[in-house]
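Working notes for the structure below.
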Amino acid sequence: MTTITHAIAQERRLVTEIPGPRSQALQARKTAAVSNGVGVTLPIYVVRAGGGVLIDADGNSLIDMGSGIAVTTVGNANPDVVAAVQSQVADFTHTCFMVTPYAGYVEVCEALNRLTPGDHEKRSALFNSGAEAVENAVKIARAFTKRAAVVVMEHGYHGRTNLTMGMTAKNMPYKQSFGPFAPEIYRVPASYPYRDRGLKGPEMAEIATTRIEREIGADNVAAIIIEPIQGEGGFIVPDPGYFAAMADFARAHGIVFVADEIQSGFCRTGDWFASEYEGVVPDLITTAKGIADGMPLAAVTGRAEMMDAVHAGGLGGTYGGNPVACAAALAAIDWMERNDAPALAREIESIMIPRLREMALQFPAIGDVRGRGAMIAIELVKPGTIEPDAALAATLNRYCHQHGVVTLTTGTHGNIFRFLPPLTIPRPLLEEALGVLEQAFESAAS
Ligand SMILES: *Cc1c(COP(=O)(O)O)cnc(C)c1O
């Protein structure tokens, strides 16, 4: 494996309580200045980050098991990305690609067309956020098919704009009091092996597609939009065959099959894109998060005839494909190719899964251990049942935070403990974070 050198000491080091006095003072200012609607998981105020650590305003060094929600895959402030951004920002910061274009935008599209699954002719378009990419995938699918209906999954997450809120499954905190939502969005069962009572992937797909035929009519459907591994829904890996069967159904009925790879893409799951695992070639792919090491960038990539079905001027936006974000993406993608990033993710999986399975034998609250690559989760339940235990997830999360590990929970029931370490995390630090989790379980049991 490549040896990665780090500018910041790679250690867990706590010099104050968490959050420390400086962070607490900043949090008080946050409360006074920032809308209450913008929540914070762990109010340590970050001043530097890199490799596998975050340094806060009080000088604490915490292990990063979240990557800013699957964004800093190549390491926070990756030196190659920093150099590319510095160089670009000194040349020019913005022209608006739709007014006077620049090469970086075209190069990111070329890279996306080359790296996404399938060797058919492709086109891409760039945007600012994941939600914006999903909205544009729907626009493209509707323009291509001349149909209106959009099919999404139970537990699906696609963003917080009006259209994508309607496409997202979970009410709190994403949708509560924000409706009405856009019409022509239909939700069908996803495959959730831990909770499907033994039903296999193809059977779950049969249930979903029967629902589409009976309740919507397949020939009214513009797009089926699926996350190959559901992110905010709970790191749900579908049972084998489900994802491919849904893609086959879409193809048979002239429906655009969209893989939302915003969280699972860019080497996160041990492949460049999670769709590849089952050999599925989506018609369109949405990407964001891991694409540019934190610079705001998102994309839709797909079949040329679909992407080109939109009239000139129909897609775009003032900032979409900003030159600085494009420079960051090109550097991040280059780093992933040079360092065989999918292999780094698989190595993280090979450390985490066995260790978590061992813990599951010891702690019966761990009902399920799942995920691929550096996208791993445990599902917490009342022992001996499959009843979600969100309170335990919150308790463990608090313990990890107080002991210097940045962890995240997720899931429709809030009972999933999820791990999204940067691929640059030193392996001893990863082991240490898992040790803290083990102590969290011991502390919760006592
Ligand atoms: C995060 C996410 C989005 C939304 O991306 P934003 O950049 O937050 O708008 C959409 N789909 C999936 C699968 C995501 O994980």
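The values are calculated or read from the model by the stated rules, or taken from the named source; none is laboratory data. All figures in this text were calculated on a predicted structure; none of them were measured in a lab. Glycine gets a Cβ as well: all are built from the backbone with ideal geometry, and neighbour counts include every protein chain shown. We work out accessible area using only protein heavy atoms, side chains counted, and drop any ligands, DNA or RNA first. Shrake-Rupley method; radii C 1.70, N 1.55, O 1.52, S 1.80 Å.
Key figures for this structure:
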{"item": "Answer from Ser177, Ser124 - the residue that is away from the ligand (no atom under 16 Å from the Cβ), buried (at least 20 other Cβ atoms within 10 Å of the Cβ) and in the same structural domain as Ala208 (by TED's automatic domain parsing)", "result": "Ser124"}
{"item": "Residues satisfying the stated conditions in region 245-277, i.e. in a helix (DSSP H, G or I) and within 26 Å of Ser67 (Cα to Cα)", "result": "Ala274, Ser275, Glu276, Tyr277"}
{"item": "Positions within region 45-74 being among the β-branched types (Val, Ile, Thr), farther than 17 Å from Gly231 by Cβ and open to solvent by 20 Å² or more (accessible area, probe 1.4 Å), in sequence order", "result": "Val46, Val47, Ile55"}
{"item": "Number of the condition not met by Lys146 [criteria: (1) buried (at least 20 other Cβ atoms within 10 Å of the Cβ); (2) of a type in the set (D, E, K, R); (3) more than 15 Å from the ligand (Cβ to nearest atom)]", "result": "(1)"}
{"item": "Residue in region 4-19 that is within 16 Å of the ligand (Cβ to nearest atom), open to solvent by 20 Å² or more (accessible area, probe 1.4 Å), touching a helix residue (DSSP H, G or I) at 6+ places or on another chain (Cβ under 7 Å) and not charged (D, E, K, R) present", "result": "no"}
{"item": "Residue in region 408-418 that is under 23 Å from Leu344 (Cβ atoms) and either part of a loop (DSSP other than H, G, I, E, B) or of a type outside the set (A, V, I, L, M, F, W, C) (or both) present", "result": "yes"}
{"item": "Any hit, region 46-61, residues being touching a residue at least 12 places away in the same chain (Cβ under 8 Å), under 24 Å from Pro173 (Cβ atoms) and assigned by TED's automatic domain parsing to the domain that holds Arg372", "result": "yes"}
{"item": "Residues (in contact (Cβ under 8 Å) with a residue 12 or more places away in the chain and open to solvent by 60 Å² or more (accessible area, probe 1.4 Å)) located in region 149-174", "result": "Glu154, Arg160, Asn162, Pro173"}
{"item": "Unique residue being polar (S, T, N, Q), under 20 Å from Ala149 (Cα atoms), within 15 Å of the ligand (Cβ to nearest atom) and open to solvent by less than 20 Å² (accessible area, probe 1.4 Å) when the list is Thr286, Thr269, Thr301", "result": "Thr286"}
{"item": "Close pairs from region 300-316: first closer than 20 Å to His158 by Cα, partner in a helix (DSSP H, G or I) and open to solvent by 30 Å² or more (accessible area, probe 1.4 Å), Cβ under 8 Å, at least 6 apart", "result": "Thr301/Asn113; Leu315/Lys139"}
